[in-house]
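What follows is a set of notes on a single structure, which appears directly below.
The values are calculated or read from the model by the stated rules, or taken from the named source; none is laboratory data. Treat the numbers as computed from the prediction; the structure is a model and nothing was measured. Please note: Cβ atoms are built from the backbone with ideal geometry, for glycine as well, and neighbour counts cover all protein chains shown. Ligands, DNA and RNA are excluded from the accessible area calculation, which covers all protein heavy atoms including side chains. Shrake-Rupley method; radii C 1.70, N 1.55, O 1.52, S 1.80 Å.
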Amino acid sequence: MISSSLPKAVKIIEVGPRDGLQNEQQTISADVKIELVNRLSQAGFVNIEAASFVSPKWVPQMATSAEVMAGITRRPGTLYSALVPNMKGFEAALAAGVDEVVIFAAASEAFSQKNINCSIAESVERFRDVARAAKENKLRLRGALSCAFGCPYQGEVSADSVASVVQQLRDLGCDEIDIADTIGVATPRHVQAVMQRAAQEFPIEKLSGHFHDTYGQALANIYASLEVGITIYHASVAGLGGCPYAKGATGNVATEDVLYMLRGLGIATGIDLDKVVDAGQFISAQLGRKAVSRAGNALAAKRGN
Ligand code: HMG
Ligand code: MG
């Protein structure tokens with residue numbers, strides 16, 4: 001059932017420093033990453049995915065995660081999150097002082113193998129120890145569910161496979177679960193059906209939408225998710241990003257575009273769009289290319305930078 005009114009406020013999780021930068025081929029210094037996170041903190045995000053404690057052989061760009069976490073200026077009220085695939089990653093995340101660890105599973109067996117080198121069932125077993133350790137250390141626990149709308153290796157993914165992994169992440173004690181369109185193939189009605197199926201297994205107010213914009217559908221998919229009551233969204237400043245294990249997948253939806261749309265809809269976020277535009281222009285200049293954010297570039301052009 002589609003509700004007639006949209007939420008009055010939503011939470012935006014800024015994933016640019018992690019999802020955005022992990023796929024960059026050029027080495028980005030820890031100092032640049034730190035400045036990016038600091039600029040995003042100043043813009044008022046309550047949650048920033050700042051790091052990833054994965055194998056540096058698998059994702060070299062994230063090898064500076066401990067340095068980044070040590071160098072940032074923490075804004076009171078902001079949670080700094082990091083991806084953690086196993087206990088080795090958990091120990092590093094704990095030592096780095098992250099506030100929230102993100103375990104990441106897939107709704108597709110093929111993607112699970114390519115991304116974390118094990119089956120879905122094996123990953124859930126591995127995450128059991130991480131989940132327990134997170135609770136013992138009073139860290140927030142988030143579960144990401146990749147390929148919820150399609151897989152680059154296996155193709156179609158059913159809503160029931162999504163629901164099954166949502167149940168398993170819920171049983172591990174996740175405080176929040178991300179329903180992710182890793183390769184950006186979803187369209188609005190499909191998104192609504194999957195979100196509503198996931199909401200049968202986990203409280204809808206703790207489900208989030210993580211949309212890559214590969215096929216240009218991400219804003220439409222966010223609007224569709226708003227219609228069914230999803231109130232948490234991930235976005236990446238300047239539209240940075242992609243997954244090294246999902247060939248052809250481009251960046252997440254650009255944060256500037258999401259904020260511009262939400263502002264127009266009268267939906268509160270607590271985030272200063274102008275400061276996000278600045279952060280987007282900053283990181284794009286560092287990377288030597290134009291931001292992949294229509295609203296960000298338009299707003300920057302309008303004020304002459
Ligand atoms: P493996 O090769 O099976 O692991 O990889 P292993 O346990 O056999 O260890 C191999 C080596 O890695 C060992 O080192 C370990 O010590 C080391 P060696 O003895 O060869 O020198 N190692 C680690 N080092 C640092 N930190 C660790 C760690 N773990 C092992 N945590 C593993 C398995 C899971 C480690 C690997 O597959 C991996 O790191 N995968 C991560 C892939 C990744 O980060 N993908 C992108 C993030 S997911 C994503 O972007 C999707 C998302 O945005 C949502 C969406 O859009 O869908 C979240
Ligand atoms: Mg992603």
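How many percent of Cα pairs in the stretch 21-162 exceed 20 Å? Within the stretch 21-162, distances greater than 20 Å cover 50 percent of Cα pairs.
Note on the stretch 126-247: Rg/Rh from C-alpha atoms, Kirkwood Rh, equals 0.96.
Take every pair of alpha-carbon atoms less than 8 Å apart whose residues are at least six positions apart; their mean separation over the length of the chain yields a relative contact order of 20 percent.
Percent of C-alpha pairs per 5 Å bin in the stretch 131-170, short distances first: 6, 21, 22, 18, 12, 11, 8, 2. Taking TYR260, TYR80 and ordering them by how much accessible surface each has at a 1.4 Å probe, largest first, produces TYR260, TYR80. Rounded, prolate or oblate for the chain? Axes are the square roots of the Cα gyration tensor eigenvalues, ordered a ≥ b ≥ c, and the cut-off for rounded is a/c under 1.5. Cα axes put the chain in the rounded bin. The accessible surface of the chain, taken with every protein chain in place and a 1.4 Å probe, is 51 percent carbon and sulfur.
For VAL185, VAL130, VAL292, the ranking by accessible surface with the largest value first comes to VAL292, VAL185, VAL130, using a 1.4 Å probe. As a rough guide to protection, the peptides 106-114, 166-174 ranked by mean Cβ packing within 10 Å, highest first, stand as 106-114, 166-174. Using a probe of 1.4 Å on the protein chains alone, the accessible area found for LEU94 is around 60 Å². For the stretch 11-302, the antiparallel share of DSSP beta bridges with both residues in that region comes to about 5%.
Panel values: the stretch 205-305, Kirkwood radius from alpha carbon pairs, Stokes-Einstein at 4 °C and 1.567 mPa s, translational diffusion coefficient 93 µm²/s.
A 1.4 Å probe run over the protein chains yields, for the chain, 40 Å² of accessible area per residue, whole-number rounding. Here the contact order of the stretch 142-288, divided by its residue count and restricted to Cα pairs under 8 Å and six or more residues apart, works out to 20 percent. Calculated mean residue ellipticity, 222 nm, the chain: -12500 deg cm²/dmol, from DSSP H runs (n ≥ 4) at -39500 (n - 2.57) each, averaged per residue and rounded to 500. A convex hull fitted around the alpha carbon atoms of the stretch 62-143 yields 90 Å³ per residue. Restricting the GluC sites (Glu not before Pro) of the stretch 133-217 to loop positions (DSSP other than H, G, I, E, B) with no more than 16 neighbouring Cβ atoms within 10 Å leaves GLU156. Pairs from the list LYS57/LYS114; LYS57/LYS138; LYS33/LYS206; LYS33/LYS247; LYS247/LYS290; LYS11/LYS206 with a Cα-Cα gap above 19 Å: LYS57/LYS138; LYS33/LYS206; LYS33/LYS247; LYS247/LYS290. The distance linking the stretch 89-144 with the stretch 192-238 is 21 Å (Cα centroid to Cα centroid, whole angstrom). For a paramagnetic label modelled on GLN154 (point 7 Å from Cα along Cα→Cβ), amide N atoms under 19 Å away belong, within the stretch 93-134, to 104-127.
The listed residues ILE204, ILE179, ILE116, once ranked by accessible area (1.4 Å probe) with the largest placed first, stand as ILE204, ILE116, ILE179. One chain, two ends: ASN117 and ARG303. Fully extended at 0.36 nm per residue, the span grows by 62.2 nm beyond their Cα-Cα distance.
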